[in-house]
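First up is the structure itself, then whatever we jot down about it.
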Number of protein chains: 2
Amino acid sequence: MTEHRFLRALKREPVDTTPVWIMRQAGRYLPEYRATRERAGSFLALAKTPELACEVTLQPLARFDLDAAILFSDILTIPDAMGLGLHFIDGEGPKFHHPLRSREAIMKLGVPDMETDLRYVTDAVRLIRRELAGRVPLIGFSGSPWTLACYMIEGGGSSSFSSAKALMWEDPATLHHLLEVNAGAVIAYLSAQAAAGAQALMVFDTWGGMLGPDPFIEFSQRYLGMIAQALKADPLTREIPLILFSKGANGHLEGLADSGCDALGVDWTIRLAEARARVGSRVALQGNLDPATLAANPQAIRAAVKATLDDFGKGNGHVFNLGHGITPDIDPAHVAVLVDAVHEFGRR
Amino acid sequence: MTEHRFLRALKREPVDTTPVWIMRQAGRYLPEYRATRERAGSFLALAKTPELACEVTLQPLARFDLDAAILFSDILTIPDAMGLGLHFIDGEGPKFHHPLRSREAIMKLGVPDMETDLRYVTDAVRLIRRELAGRVPLIGFSGSPWTLACYMIEGGGSSSFSSAKALMWEDPATLHHLLEVNAGAVIAYLSAQAAAGAQALMVFDTWGGMLGPDPFIEFSQRYLGMIAQALKADPLTREIPLILFSKGANGHLEGLADSGCDALGVDWTIRLAEARARVGSRVALQGNLDPATLAANPQAIRAAVKATLDDFGKGNGHVFNLGHGITPDIDPAHVAVLVDAVHEFGRR
């Protein structure tokens, strides 16, 4: 089988047309997702039941001509497996029963056992691969060490993550210990997903952009680099494209491109042409349409897709995506318009 | 009277030490603010009663050695005066009874009468100036045309402002009409505040950073430039320093510096040294400590203040501030540590 255009684009090889997938493509904007979520009883039951996770992973592929599937899961499965007690409160997002409130709590943490504690994830990966039957590649993913640490220290979401940042300023050594444990866990987790069949791997550094320039390099980028180095040193994962996405950290594209990863996610606040000029031929780029574009009419969506493709320009190494996840208010018909427009305007 | 160091710094003139004020310094982190807010009955009653607005404006100055007062008000006073019906729902932020749902609604809008519809604001400015008695300068302010439009179209806050963006993509001419009306209103509003005694003026473009590069220039920066040009062409406001702050729009510092304003607010995701290199000698800079720093201990706060001052380096044109507003969780004692550290480490 010739390699799929999604994997070829990540390796900066020629493609027939630009591949496209959408962050959070298996999500609340789809009525069939909401139905399965209802049936599961809770978001966490949905994520932890391989058959249901597989079902929602495949839902958007039945509707749209997408070029990749992405494992349906949560970014906080690792701290949950470490014993922090992940749960969800309606309208408030993720919470931990046992957030990290002391140095002692942090020093006690260890890398979870992938075979037992996170088996439901690798089971889902195997099941999805079987159901996909080679139609499109499957992306595995993880939260970044810094982003996991934000939630683990804060105990949930936050607009400022000031507890995590206070630890950074008051006791950086302890935070570095936590980030090192997290990085070890992310490496083991992504390797386990690869062993189970994931064909591309992505790290979501959702909160990297909340850090100032020096803290970003010291507390986020450094550990993203550690992950890239480890995965590229291991024969199991060496050939599997690795995508890093630090949202809101456009000032750091050069540093991230030097990490050893294959591609960078890019949000919509920078021109792809500028991002490309800055990373050169080191990595492919994935992005970067403003997700709010999907609330506009089909004509406007098509024009915006074309502008994004034109902005990247000719040459290899572009995976089309939004600059952030799709929101629940979007009409699924608009997603079809986007996907088809990418394939139409992206044709070589 | 020699001009105060805050005004001198905005004009890039030599100062004895770096001046400092804090965005949202009259706010919920202060128990005395919460008491006055309680007495007022509602946030809007507080903002619309000049005596109470004056009272909370002065509260932080009684505690801290701040170099400027900023008018206590809301950024949505202009659309309220246009008849949109501003109100606040606890925990949900600002809402409008009559959001702009059609082109017709937008075409009917006009610039409010400053003498009648916004008299409570200029009355507050006059009262605060009298009570300040020359101790420190008073800053007047407004929301930016784009930021006002976001709330006016959406009807309240939003994580994506997708209705405002949908109008941008589907009917840019109508959005431009709205932004032009808003810009006219902002110019009249800031001029009225200057006539009442405001000694510096600031425009908060809170949501500019949500726009992609081209939309930012077309729908936000353009109207910020219109405001700067108008204020600098008018003898009443020509000499009054104008500060523009587009949060999250660090990619546009050069363009904003060319607008004709005197200073730019800068958030904490860019080094002041880099910002300074990019704007050159065109404008002063105001910022840019991460607001979450204030949750750390005094020792860490002092170190972070020193690092920020060192980052700006020698030379004129720095007003110290946070990179965004202070949050309600902060201990007021930490604010005192920050203010005193700025004056100590900033001494020439």
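The values are calculated or read from the model by the stated rules, or taken from the named source; none is laboratory data. Since we're looking at a predicted model, the values are computed, not measured. Neighbour counts run over all protein chains shown; Cβ positions are idealised from the backbone, glycine included. Just the protein is used for accessible areas: all its heavy atoms, side chains included, with ligands, DNA and RNA removed. Shrake-Rupley method; radii C 1.70, N 1.55, O 1.52, S 1.80 Å.
Descriptive notes on the structure:
- Residues of the stretch A:176-221 that are closer than 16 Å to A:Gly260 by Cα and over 18 Å from the mean Cα position of the chain (by Cα): A:Ile217 alone.
- Of all residue pairs spaced 6 or more apart or on separate chains, those with beta-carbon atoms under 6 Å, a first member in the stretch B:311-322 that is at pLDDT 95 or above and a second member that is part of a helix (DSSP H, G or I) and crowded, with 20+ Cβ neighbours inside 10 Å are B:Asp311/B:Leu272; B:Phe312/B:Leu272; B:His318/B:Phe312; B:Val319/B:Ala9; B:Phe320/B:Val342; B:Leu322/B:Pro291.
- Number of residues in the stretch A:10-31 that are closer than 21 Å to A:Pro291 by Cα and not aliphatic (A, V, I, L, M) equals 9.
- B:Ala9 vs. criteria out of contact with any strand residue (DSSP E or B) (no Cβ under 7 Å at 6 or more places or on another chain) and either touching a residue at least 24 places away in the same chain (Cβ under 8 Å) or in a helix (DSSP H, G or I) (or both): no
- Filter result (within 14 Å of chain A (Cβ to nearest Cβ), under 15 Å from the mean Cα position of the chain (by Cα) and closer than 18 Å to B:Asn316 by Cα) within the stretch B:229-280: B:Val266
- Looking across the stretch A:318-343, the residues that are out of contact with any Ser or Thr (no Cβ under 8 Å at 6 or more places or on another chain) and of a type outside the set (A, V, I, L, M, F, W, C) come down to A:Asn321, A:His324, A:Gly325, A:Pro328, A:Asp331, A:Pro332, A:His334, A:Asp340.
- When the stretch A:197-214 is filtered for residues that are open to solvent by less than 10 Å² (accessible area, probe 1.4 Å) and touching a strand residue (DSSP E or B) at 6+ places or on another chain (Cβ under 8 Å), the ones remaining, listed by number, are A:Ala198, A:Ala200, A:Leu201, A:Met202, A:Val203, A:Asp205, A:Gly208.
- Extreme residue, surrounded by the fewest Cβ atoms within 10 Å (Cβ to Cβ), among residues of the stretch A:215-259 that are within 13 Å of A:Ala194 (Cβ to Cβ) and without any contact (Cβ under 8 Å) to a residue 12 or more places away in the chain: A:Pro235
- Residue count for the stretch A:313-334, restricted to those that are away from every other protein chain (no Cβ under 14 Å) and either open to solvent by less than 40 Å² (accessible area, probe 1.4 Å) or of a type in the set (D, E, K, R) (or both): 9
- Index of the failed condition, A:Leu61 passing every other in (1) in contact with a strand residue (DSSP E or B) (Cβ under 7 Å, 6 or more places away or on another chain); (2) outside any helix (DSSP H, G or I); (3) closer than 30 Å to A:Asp340 by Cβ: (2)
- When B:Gly287 is tested against (1) more than 16 Å from the chain's Cα centre (by Cα); (2) crowded, with 22+ Cβ neighbours inside 10 Å; (3) within 14 Å of another protein chain (Cβ to nearest Cβ), only condition (1) is not met.
- Given (1) within 16 Å of B:Met82 (Cα to Cα); (2) of a type in the set (D, E, K, R); (3) within 14 Å of another protein chain (Cβ to nearest Cβ), index of the condition B:Glu218 fails: (1)
- Those residues of the stretch A:37-54 which are farther than 17 Å from A:Arg119 by Cβ and under 19 Å from the mean Cα position of the chain (by Cα), in sequence order: A:Phe43
- Screening the candidates A:Gly260, A:Gly255, A:Gly248 for the property of being modelled with pLDDT under 95, over 26 Å from A:Ala336 (Cα atoms) and touching a helix residue (DSSP H, G or I) at 6+ places or on another chain (Cβ under 6 Å) yields one hit, A:Gly248.
- Spans of helices (runs of 4 or more DSSP H) in the stretch B:85-195 with at least 1 residues touching a residue at least 40 places away in the same chain (Cβ under 8 Å), more than 14 Å from chain A (Cβ to nearest Cβ) and open to solvent by 40 Å² or more (accessible area, probe 1.4 Å): B:103-107, B:119-132
- Scanning the stretch A:34-52 for residues that are open to solvent by 10 Å² or more (accessible area, probe 1.4 Å) and without any contact (Cβ under 8 Å) to a residue 40 or more places away in the chain yields A:Arg34, A:Ala35, A:Arg37, A:Glu38, A:Arg39, A:Ala40, A:Gly41, A:Ala45, A:Leu52.
- Of all positions in the stretch B:70-81, none carries a residue that is open to solvent by 40 Å² or more (accessible area, probe 1.4 Å) and of a type in the set (D, E, K, R).
- Summed over the stretch A:68-99, residues that are at pLDDT 95 or above and over 24 Å from A:Ser144 (Cα atoms) total 0.
- Against the numbered list (1) in contact with a helix residue (DSSP H, G or I) (Cβ under 6 Å, 6 or more places away or on another chain); (2) open to solvent by 20 Å² or more (accessible area, probe 1.4 Å); (3) in contact (Cβ under 8 Å) with a residue 24 or more places away in the chain, B:Glu55 comes up short only at (3).
- All positions within the stretch B:196-229 that are small (Gly, Ala, Ser) and assigned to a helix (DSSP H, G or I): B:Ala196, B:Gly208, B:Gly209, B:Ser220, B:Gly225, B:Ala228
- Residues in the stretch B:291-312 that are hydroxyl-bearing (Ser, Thr, Tyr) and more than 8 Å from chain A (Cβ to nearest Cβ): B:Thr308 alone.
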